[in-house]
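This report concerns only the one structure given below.
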Amino acid sequence: METSLAQGELVGEMEMDAYRRLFPLRFYERYLLESLRPDTRPLIQCRDTSVALGPVASADGSALAKIGCTTMLAGIKLEVMTPVAESPDDGCIAIEFHMPPICSAIVRPGRPAEVAPVISKQLTDAILSSGMINLKELSLIHGKAAWMAYLDVYCLDSDGSLFDAALLAAVAAFSHLQIPLVSLNDEGRVVTVSAELGEGKSSKEVVNKEKRKLKLTNIPFSLSFVLHKKYILVDPNAEEESIMDSLVTVVLDLSGRLVSLYKPGGQVLAYTSTLKDCVALARNRGKELKKILDDALLDMEEDSS
Amino acid sequence: MGVEAAMAGKAANAPTTYSPSPSQKPARPIFEDVDWVRADGRNFHECRPAFMKTGAANAASGSAYAEFGNTKVIVSVFGPRESKKAMLYSDIGRLNCNVSFTTFAAPTRGQGSDNKDFSSMLHKALEGAIILESFPKTTVDVFALVLESGGSDLPVVVSCASLALADAGIMMYDLVAAVSVSCIRKSLIIDPSSDEESYQDGSLMITCMPSRNEVTQLTLTGEWSTPKIHEAMELCLDACSKLGKLLRTCLRDAASV
């Protein structure tokens, strides 16, 4: 601790901002000693989180998720495909994560973000391996037609914990998704029908009789951390992620089962006890996120009724 | 059997899909009547309700979100930053524009790729309004993402971009307001929706600096008669000056909070 005195003098002499830019890690460590962060959060507090359902009318399901400044827009488009022979009753889900140039100064047209494909893969893994969606629910006609759900998540503003916000937006978009009424036309193609038309034209076979939603089970929620020395910082922002490079992401489903755990390198060796703490924190966060999602669904039902 | 082979196999197996919406549009509906009404109940010379807000994205130097009816657009401005080394020395600043769409912006799923056409139109619409001398040797990036395409996309992008530039503190002679008019048979309708655009015989877009009464861009496509062009221009300019006031109010509100 003998260095802290010298550092203290240095802080006095220098402008706060300059010190923050020149010695970011030392700047942070001074805060960590007080169990605080420069944005006034305690170490284990997440930023304000909100979910809005149905912001984009042209998508079959959509959601906007915000964690602090990090903003994600997820949209789902349903298209019809012929299921593969091995699983004639299964639909399919294709997931892609985009970082358009608007989201951050480091992304420009022709210079895409390196993390985008990584997060794409993580999202696909988390959503498919959690078993949140029963692919049989996406079936239309056995062996002939099934839904292909294209989920695209766009980062509109990037300020850390991108995967957490992307997963939240993706899950919310699936819970907003409504499967439209469709029938077979004369050429054997599946076409949408409006509700009134569906009743009137009894000659055509209505494949999907009513608008319905998917049943989501084992919904995955995630929480990211940065580790520095003995400290665990929950829900890091972009600055924290760039200064302390040991990132851990824990994905749990609602019953507390571990869906995935990422610790892609970094300086700090994550001890098992640290990881246990992380899992416990992620479990609590999952409950919080579930409540935020349920409230958004309730709001939407109240609006529509 | 390497990863590449597996990837190639995956790509080959990717199922072909199609959108279930009926491919045939209902026959040209009501425009034949003399007194048809617009699907959303607007008057021919009435714009859609507009909502605009600056400071939509924190990571950018300046940004704005605009919603005109179902058209939803977000624009971020970055910079000024150092121009690429490869570029020749220039004592005025450079403007770099890019417009892209989300894959779910339109009724049928798109590729979500850059729209080169719109990017260059946006560049030319803004160029004249920005005081490029105020940031020599540097580049300002203007990036737009159309979240939902509900018609008159380019005019909304242009107006939104000028707000974002103002939010970023880039010096301009004036804000740029943009409005388009569609000509369907004998009628002129302002601020057309996607459906109306798909039936139009001709279209006119004006981007202008309302308080200086200067037009930065004018595009005219399709069939027009000279008197109709004059009428459409009057309509556009009038709407631009009203939109200009809206843009100003939006900036003033943001500054007073």
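The values are calculated or read from the model by the stated rules, or taken from the named source; none is laboratory data. Quick caveat, the model's predicted, so the values are computed rather than measured. Quick reminder, even Gly has a Cβ in these numbers, built from the backbone with ideal geometry, and neighbours come from all protein chains shown. For the accessible areas, the whole protein counts, side chains as well, though only heavy atoms, and no ligand, DNA or RNA atoms are used. Shrake-Rupley method; radii C 1.70, N 1.55, O 1.52, S 1.80 Å.
Residues that are buried (at least 19 other Cβ atoms within 10 Å of the Cβ), under 14 Å from the mean Cα position of the chain (by Cα) and in contact (Cβ under 8 Å) with a residue 40 or more places away in the chain, at least 1 per element: which helices (runs of 4 or more DSSP H) completely within the range B:110-212 meet that?
Because the criterion is at least 1 residues that are buried (at least 19 other Cβ atoms within 10 Å of the Cβ), under 14 Å from the mean Cα position of the chain (by Cα) and in contact (Cβ under 8 Å) with a residue 40 or more places away in the chain, the helices (runs of 4 or more DSSP H) in the range B:110-212 that meet it are B:116-127, B:153-167.
Among the residues of the range A:242-288, the ones that are more than 14 Å from A:Leu223 (Cβ to Cβ) and of a type in the set (Asp, Glu) come to 1 in all.
For every residue, the table says whether it meets (1) aliphatic (A, V, I, L, M); (2) open to solvent by 10 Å² or more (accessible area, probe 1.4 Å); (3) within 12 Å of chain B (Cβ to nearest Cβ); (4) assigned to a strand (DSSP E or B).
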| position | (1), (2), (3), (4) |
| --- | --- |
| A:Ile102 | yes, no, yes, no |
| A:Ser120 | no, yes, no, no |
| A:Ala126 | yes, no, no, no |
| A:Leu140 | yes, yes, yes, yes |
| A:Asp152 | no, no, yes, yes |
| A:Leu168 | yes, no, no, no |
| A:Ser175 | no, yes, no, no |
| A:Glu187 | no, yes, yes, no |
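Of all the criteria given as (1) out of contact with any Gly (no Cβ under 9 Å at 6 or more places or on another chain); (2) farther than 18 Å from B:Glu214 by Cα, the one not satisfied by B:Gly169 is (1).
Given the criterion at pLDDT below 95, of a type outside the set (Val, Ile, Thr), in contact with an Asp or Glu (Cβ under 9 Å, 6 or more places away or on another chain) and outside any strand (DSSP E or B), identify the matching residue among A:Asp164, A:Asp159. Walk me through it before giving the result.
On the way: A:Asp164 fails: at pLDDT below 95.
Of the residues listed, the single one that is at pLDDT below 95, of a type outside the set (Val, Ile, Thr), in contact with an Asp or Glu (Cβ under 9 Å, 6 or more places away or on another chain) and outside any strand (DSSP E or B) is A:Asp159.
Residues are listed down the side, and each one gets a yes or a no for (1) of a type in the set (S, T, N, Q); (2) touching a strand residue (DSSP E or B) at 6+ places or on another chain (Cβ under 9 Å); (3) within 13 Å of another protein chain (Cβ to nearest Cβ):
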{"residue": "B:Thr71", "(1), (2), (3)": "yes, yes, yes"}
{"residue": "B:Val75", "(1), (2), (3)": "no, yes, yes"}
{"residue": "B:Phe101", "(1), (2), (3)": "no, yes, yes"}
{"residue": "B:Phe104", "(1), (2), (3)": "no, yes, yes"}
{"residue": "B:Gln111", "(1), (2), (3)": "yes, yes, yes"}
{"residue": "B:Leu132", "(1), (2), (3)": "no, yes, no"}
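If B:Thr221 satisfies all but one of (1) under 20 Å from B:Leu126 (Cα atoms); (2) in a strand (DSSP E or B), what's the number of the condition it fails? Against the list (1) under 20 Å from B:Leu126 (Cα atoms); (2) in a strand (DSSP E or B), B:Thr221 comes up short only on (1).
What is the residue count in the range A:126-153 for residues that are under 17 Å from A:Ala172 (Cα atoms) and under 18 Å from the mean Cα position of the chain (by Cα)?
Within the range A:126-153, the subset under 17 Å from A:Ala172 (Cα atoms) is A:126-128, A:130-134, A:149-153.
Filter again for under 18 Å from the mean Cα position of the chain (by Cα), leaving A:126-128, A:130-133, A:149-153.
Adding up the residues that qualify gives 12.
When the strands (runs of 3 or more DSSP E) confined to the range A:197-305 are screened for residues that are at pLDDT 85 or above and open to solvent by 30 Å² or more (accessible area, probe 1.4 Å), those reaching at least 2 such residues are found at A:258-262.
Confirm whether B:Ala144 is within 13 Å of another protein chain (Cβ to nearest Cβ) and in contact with a helix residue (DSSP H, G or I) (Cβ under 8 Å, 6 or more places away or on another chain).
Working: within 13 Å of another protein chain (Cβ to nearest Cβ): yes; in contact with a helix residue (DSSP H, G or I) (Cβ under 8 Å, 6 or more places away or on another chain): yes.
Taking the combined requirement at face value, the residue satisfies it.
For the range A:42-95, a tally of residues being under 19 Å from A:Leu181 (Cα atoms), more than 9 Å from every other protein chain (Cβ to nearest Cβ) and in a loop (DSSP other than H, G, I, E, B) returns 4. If you go through the range A:60-87 and pick out every residue that is small (Gly, Ala, Ser), under 30 Å from A:Ile232 (Cβ atoms) and surrounded by fewer than 24 Cβ atoms within 10 Å (Cβ to Cβ), you end up with 1. Taken over the range A:243-263, the criterion of being of a type in the set (Gly, Ala, Ser) and under 16 Å from A:Ser161 (Cα atoms) is satisfied by A:Ser246, A:Ser260. Run A:Ala57 past the list (1) open to solvent by 40 Å² or more (accessible area, probe 1.4 Å); (2) within 28 Å of B:Asp141 (Cα to Cα) and report the number of the one that doesn't hold. Going through the list (1) open to solvent by 40 Å² or more (accessible area, probe 1.4 Å); (2) within 28 Å of B:Asp141 (Cα to Cα), A:Ala57 breaks only (2). Only one of the numbered conditions (1) open to solvent by 40 Å² or more (accessible area, probe 1.4 Å); (2) within 11 Å of another protein chain (Cβ to nearest Cβ); (3) not in a loop (DSSP other than H, G, I, E, B) is violated by A:Lys136, and that is (2). Among the residues making up the range B:70-92, those that are surrounded by 22 or more Cβ atoms within 10 Å (Cβ to Cβ) and either among the basic types (Lys, Arg) or over 12 Å from the mean Cα position of the chain (by Cα) (or both) are B:Lys72, B:Ser76, B:Val77, B:Phe78, B:Gly79.
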